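The values are calculated or read from the model by the stated rules, or taken from the named source; none is laboratory data. Fair warning: this is a prediction, and the values are worked out from it, not measured in the lab. With ideal geometry, Cβ positions are generated from the backbone for all residues, glycine too; neighbour counts draw on all protein chains shown. Just the protein is used for accessible areas: all its heavy atoms, side chains included, with ligands, DNA and RNA removed. Shrake-Rupley method; radii C 1.70, N 1.55, O 1.52, S 1.80 Å.
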Amino acid sequence: QSSVNLQLIPESDVFKPGLPFSTLVLTQTPGNEPVNAKVSFTITYMNDKFDDIKKETSDLNTVDGKASLDLNPPTEAIALMIEATSGDASATKTIQSSYSPSGNFIHLEQTSDGTPAIGQKIAFHIYATNRAVTFYYEILARGMVV
C-alpha cells in the first residue's frame, strides 16, 4: 500500500542504559529494491514505571536503502520506543533494557576495519557506565581459545 517499505533492525534485542545503541534503518520498494528516502523518527524513553522520561526527534536520509540511527539512552531508561515514518510508510520497535545485578554496563565496538588476519592489530572503543580499568579478552577460532 506504500511506495516505500520501512524496516528497523536493532543491533541487539536489548539496550544498555547509558551506552550507545544503534538501529539499522532499511527503505525498499515493494519489489525489495533499495531506495533512498527521508525517514523521520520519534524516540521515547521510559522509566521503570513506564512513564515517558525523554522524547527526541530526528530525520535521516537512507543511502542505497540504508542508514544507521544512533541513540544514547539515558541511564534511568528501562525501555525505548522508536517510531519511524517515511511518506505513508511507518514502523515501530519497542526495546527493553538489559539487566545487570550491579547496574554497570560495558559496550565494546571494533574501530579497525574488516576481519583481522593473524598478527594484525585490532582497535576497539570501550564504553562503560562506571570507571573500568582492566579488560581481558579471549580470541576464539573454530570454538577453541587461541
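Couple of notes before you dig in:
- Highest mean first, the peptides 128-140, 2-14 sorted by other C-beta atoms within 10 Å per residue fall in the order 2-14, 128-140.
- Debye, to nearest 20: dipole size of the range 3-146, +1 on Lys, Arg Cβ, -1 on Asp, Glu Cβ: 360 debye
- Scanning residues 5 or more positions from residue 35 or on other chains, those with amide H under 5 Å from its amide H are 27, 28, 29, 65, with H placed 1.01 Å from N in the peptide plane.
- Relative contact order [Cα under 8 Å, 6+ residues apart], the chain, whole percent: 24 percent
- Shown in residue order for the range 101-106 are the 3J(HN,Hα) couplings computed by the Karplus curve 6.51 cos²θ - 1.76 cosθ + 1.60 at θ = phi - 60°: x, 8, x, 9, 9, 10 Hz (x for Gly and Pro).
- Ligands, DNA and RNA left out, the 1.4 Å accessible surface of the chain is 49% carbon and sulfur atoms.
- Here's the picture: charge each Lys and Arg Cβ at +1 and each Asp and Glu Cβ at -1 in the chain, and of 46, 144, 129 the one pushed furthest to the positive end of that dipole is 144.
- Links that overshoot a 20 Å alpha carbon limit, given the list 16/66; 16/93; 16/49: 16/66
- Estimated Rh, the range 15-81: Kirkwood, alpha-carbon pairs, angstrom: 13.0 Å
- In this simple spin-label model, placing a label point 7 Å from the Cα along the Cα-to-Cβ direction at both residue 24 and residue 56 gives a separation of 2.2 nm.
- Based on C-alpha pairs under 8 angstrom that are at least 6 apart in sequence, the range 1-76 has a relative contact order of 36 percent.
- The magnitude of the dipole of the range 83-146, with charges of +1 and -1 set on the Cβ of Lys/Arg and Asp/Glu and taken from the Cα centre, is near 280 debye.
- Relative to one another, the C-alpha centroids of the range 108-125 and the range 70-92 are positioned 30 Å apart.
- Rounded, prolate or oblate (a/c below 1.5 giving rounded, otherwise prolate when a/b exceeds b/c) for the chain by Cα gyration tensor: oblate
- Fully extended contour minus Cα-Cα distance, from residue 108 to residue 121, at 0.36 nm per residue: 3.1 nm
- Under 5 Å from the amide H of residue 22 lie the amide H atoms of 11, 71, each residue being 5 or more positions distant or on a separate chain, with H modelled from the backbone and absent for Pro and chain starts.
- Anisotropy class of the range 78-129 from Cα gyration tensor, a/c 1.5 cut: oblate
- Lys/Arg +1, Asp/Glu -1 at C-beta; the chain dipole; positive extreme among 10, 85, 103: 103
- Entry comment: accessible area of the chain is 68 Å² per residue, from protein heavy atoms only and a probe of 1.4 Å.
- Per DSSP, loop chymotrypsin sites (Phe, Trp or Tyr not before Pro) in the range 1-109 with at most 15 further Cβ within 10 Å: 50, 99
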